[in-house]
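The values are calculated or read from the model by the stated rules, or taken from the named source; none is laboratory data. Everything numeric in this text was worked out from a predicted model, so none of it was measured. Counting neighbours? That spans all protein chains shown, and the Cβs are built from the backbone with ideal geometry, glycine included. Surface accessibility is based on the protein's heavy atoms, side chains included, excluding ligands, DNA and RNA. Shrake-Rupley method; radii C 1.70, N 1.55, O 1.52, S 1.80 Å.
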Amino acid sequence: MKKFAILLVFATALFAGKTKNSDKKVWEPYKFKGTEHFKYSIVVVDEDGKKETGSYVIDLSKAGEKYKIKIHGEFAGNEGSISTKVDDANSIPGVIFGQMIFNPWLAPLTSTLFANSLIAMFSAGAVTQGLEEGSSWSYKSKDGESMEFEVKGTCKYAGRKGKLLRMKSDGKVVYESCIDVDVPLPIYVKYADSEDNSSTSLELVEYKE
């Protein structure tokens, strides 16, 4: 996954120079209203093909002048919950990601939905230009390493419709996500390791505002 992360960072720089202003509605990742409810199912497959499943629920709500964050998760026999408050909605993503340090059971959720490489992916031009279907780009290094990205078409999870983003590294799919511009988190996301065939995927099964 290290090579994949490096390629994503390069892709961000490559595409940033091509970004243009657009009247289309664009996705703003992690820009929470502070009143959303998310439930995700998760599937992790290791290099031996062993599958572990679980689910995570993120509940956000107003608590007077503050915002309350509640998370409950069950994965691979582990279970945990978090309840805390923040002063404003802009603090929500940082708090959720930071909890991974103290709550290892959250790692599959936060490392997939809130990973730095994922943020780099979201800042690429295809997103800032409005997820135009058919948009694509590719890159090949002097060492022969290649990367391809494409907005493939539409996708639907939890009754929400989005656009399917797909990335390949050296011809193998290493990343997919489904983005609904009205939802601050991906409604589907999958990371795959092209070297050992392990993968982690999250699918939104419930969403309310």
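Points worth noting:
- Filtered residue count, the stretch 62-106, keeping only those that are more than 16 Å from Tyr30 (Cα to Cα) and among the hydroxyl-bearing types (Ser, Thr, Tyr): 3
- Members of the stretch 131-148 that are closer than 29 Å to Val181 by Cβ and among the charged types (D, E, K, R): Glu132, Glu133, Glu148
- Per the listing Ile58, Ile82, Ile69, the residue uniquely among the β-branched types (Val, Ile, Thr), closer than 19 Å to Tyr157 by Cβ, modelled with pLDDT of 90 or more and in contact with a helix residue (DSSP H, G or I) (Cβ under 8 Å, 6 or more places away or on another chain) is Ile58.
Per-residue answers, yes or no, for (1) open to solvent by less than 30 Å² (accessible area, probe 1.4 Å); (2) more than 23 Å from Ile42 (Cα to Cα):
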{"residue": "Lys66", "(1), (2)": "no, yes"}
{"residue": "Ile69", "(1), (2)": "yes, no"}
{"residue": "Gly73", "(1), (2)": "yes, no"}
{"residue": "Gly77", "(1), (2)": "no, no"}
{"residue": "Thr84", "(1), (2)": "no, yes"}
{"residue": "Asp87", "(1), (2)": "no, yes"}
{"residue": "Asn90", "(1), (2)": "no, yes"}
{"residue": "Gly94", "(1), (2)": "no, no"}
{"residue": "Phe97", "(1), (2)": "no, no"}
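- Residues (over 20 Å from the mean Cα position of the chain (by Cα), in contact (Cβ under 8 Å) with a residue 12 or more places away in the chain and open to solvent by 60 Å² or more (accessible area, probe 1.4 Å)) located in the stretch 47-64: Glu47, Lys62
- Members of the stretch 23-37 found to be under 13 Å from the mean Cα position of the chain (by Cα) and of a type in the set (Phe, Trp, Tyr), listed by number: Trp27, Tyr30
- Residue match in the stretch 81-88 (condition: within 30 Å of Glu195 (Cβ to Cβ) and not in a loop (DSSP other than H, G, I, E, B)): no
- Strands (runs of 3 or more DSSP E) (entirely within the stretch 126-209) containing at least 1 residues that are touching a residue at least 12 places away in the same chain (Cβ under 8 Å), out of contact with any helix residue (DSSP H, G or I) (no Cβ under 9 Å at 6 or more places or on another chain) and open to solvent by 20 Å² or more (accessible area, probe 1.4 Å): 146-157, 160-169, 172-179, 188-192, 199-208
- Test result for Ala120, modelled with pLDDT under 80 and touching a helix residue (DSSP H, G or I) at 6+ places or on another chain (Cβ under 6 Å): yes
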